[in-house]
Amino acid sequence: MPADAMTMIVGDEELLVDRAIADIVATVRAAEPEADVVELTPATLEPGRLIELTSPSLFGGGKVLVLRSAQDLGKDLVAEVTAYAAHPADDITLVVVHHGGAKGKALLDKLGKLGARRVSCPKITKPSERVGFVRAEIRHAGGAITEDAARSLLDAVGNDLRELASACSQLVADTDGKIDEAAVARYHRGRAEVSGFTVADRAVEGRLGEALEQLRWALATGVAPVLITSALAQGVRSLAKVGGAPRGLRGPGLAKELGMPPWKVDRVRAQLRGWSPEGVSRALGVVAETDAQVKGGAADAAYALEKAIGQIVAARAIR
């Protein structure tokens, strides 16, 4: 098997999962700038679809297949994935995303024996781990933060890694990079800002005008375009997860199955009204393409985001 032809991303920390996928896509596109990225879920992967996607193309070019929620694959699809993994194509990179745990573990075991690389993205739950995450984000952005300041930032922003990552990048951009408790307090006191999640919510709800207005305000207040893209991706993938959930599950059982808090399941179910499986699949493709554009493929990240929001809203109308 070619190096990194298959990667298993195991865990349910969505930001870390997204970053791992983005790193793989960036590596592939460094060698094949025109490589396609195809997002798949158990709900959109019909029998035979994988064979179709991995068949040789007359036009050549690489391809990255991202199979999310692999723990929910049925036996027939597991058999298709493992059959392909035994004889992978040279120009295809397969990324299998699994939430971890016992469900669907047999697939991971089989892929591991076939040589798939494993990347772990476990949930960050301990306070010390969150502090470590904040300090690492600040260092990555070129700054430094004291441990007390990192704890203060957690108190101010909360435990969501995407919000924390956004706050870290903004702090470094708005200061000299040396961040203490006073800087955290000064930055967050009375600041009214729009997060990428607000933009994403308006987009998946089909409220184009409001989504664009929130996007412009978010960019004006310093929210990084890459974090808005991540929020859009999370919003669309949440539609796919809830839409593809077993129909017999309700309430806490459904929330546990999806790895979401009950309030979020309820909100996504409300947002899912008006969407078709085809529309969700189209929107998944839009966010994958936009992610690549915002991370270097587009001359104007703001325009790429505006275009993506319009396409997501249009996808909602697909029947």
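What follows draws every value from the coordinates through simple rules; no lab data is involved. Please read these numbers as outputs of a predicted model, since none were measured by experiment. Don't worry about glycine lacking a Cβ; one is built from the backbone with ideal geometry, like all the others, and counts go over all protein chains shown.
Overall form of the stretch 6-120: oblate. Here a/c, set by the Cα gyration tensor axes a ≥ b ≥ c, is 1.5 or more, and a/b is not larger than b/c. Taken one residue at a time, the phi angles of the stretch 168-177 give Karplus couplings (6.51, -1.76, 1.60, θ = phi - 60°) of 5, 5, 5, 4, 5, 5, 9, 10, 7, x Hz. Gly and Pro are set to x. What net charge do the residues around L249 carry, taking every other residue with its C-beta under 14 Å from that of L249, with Lys and Arg at +1 and Asp and Glu at -1? Local net charge: +3. For Rg and Dmax of the Cα atoms in Å, several values are listed as (1) 19.0, 63; (2) 19.9, 60; (3) 23.3, 69; flag the one computed from this structure. The value matching this structure is (2).
Amide H contacts of V64 (H built 1.01 Å from N, in plane; Pro and chain starts excluded): D36, V37, V38, T93 sit under 5 Å, all sequence-distant by 5 or more or on other chains. Across the stretch 226-242, coupling constants 3J(HN,Hα) worked out from phi with the 6.51/-1.76/1.60 Karplus curve, θ = phi - 60°, read 5, 6, 5, 4, 4, 5, 4, 4, 5, x, 6, 5, 5, 4, 5, 5, 5 Hz, and Gly and Pro carry x. The string of couplings for the stretch 30-36 from the Karplus curve (6.51, -1.76, 1.60, θ = phi - 60°) is 5, 8, 10, x, 9, 4, 7 Hz, one whole number per residue in order, with x for Gly and Pro. Note on W263, W217, W275: ascending count of other Cβ atoms within 10 Å places them as W263, W217, W275, the fewest first. Cβ crowding within 10 Å, taken as a proxy for footprinting-reagent exposure, orders T93, T54, T125, T82 from fewest neighbours to most as T125, T82, T54, T93. Sorted fewest first by neighbouring Cβ atoms within 10 angstrom, E13, E52 come out as E52, E13.
Remark on V97: its backbone amide H falls under 5 Å from those of I9, L67, R68, S69, A70, a criterion applied only to residues 5 or more positions apart or on other chains, H modelled at 1.01 Å from N.
Positive contributions from Lys and Arg (+1) and negative ones from Asp and Glu (-1), summed over other residues with Cβ under 12 Å from the Cβ of G206, come out at +1. Please label the shape of the stretch 223-319 as rounded, prolate or oblate, based on the square roots a ≥ b ≥ c of the eigenvalues of the alpha-carbon gyration tensor (a/c under 1.5 means rounded; beyond that, a/b larger than b/c means prolate, else oblate). Since a/c reaches 1.5 and a/b is larger than b/c, the shape of the stretch 223-319 is classed as prolate. Mean projected area of the convex hull spanned by the Cα atoms of the stretch 63-199, taken over all viewing directions: 11.1 nm². Ordering 172-181, 223-232 by mean Cβ neighbour count within 10 Å, with the highest value first, yields 223-232, 172-181. What pairs in K123/K256; K123/K295; K126/K264; K105/K256; K75/K113 have C-alpha atoms more than 20 Å from each other? K123/K295; K126/K264, as the Cα separations exceed 20 Å there. Charged side chains reduced to their Cβ positions (Lys and Arg at +1, Asp and Glu at -1) give the stretch 1-158 a dipole of some 540 debye around its Cα centre. Taking a ≥ b ≥ c as the square roots of the eigenvalues of the alpha carbon gyration tensor, the stretch 127-188 is rounded, as a/c is under 1.5.
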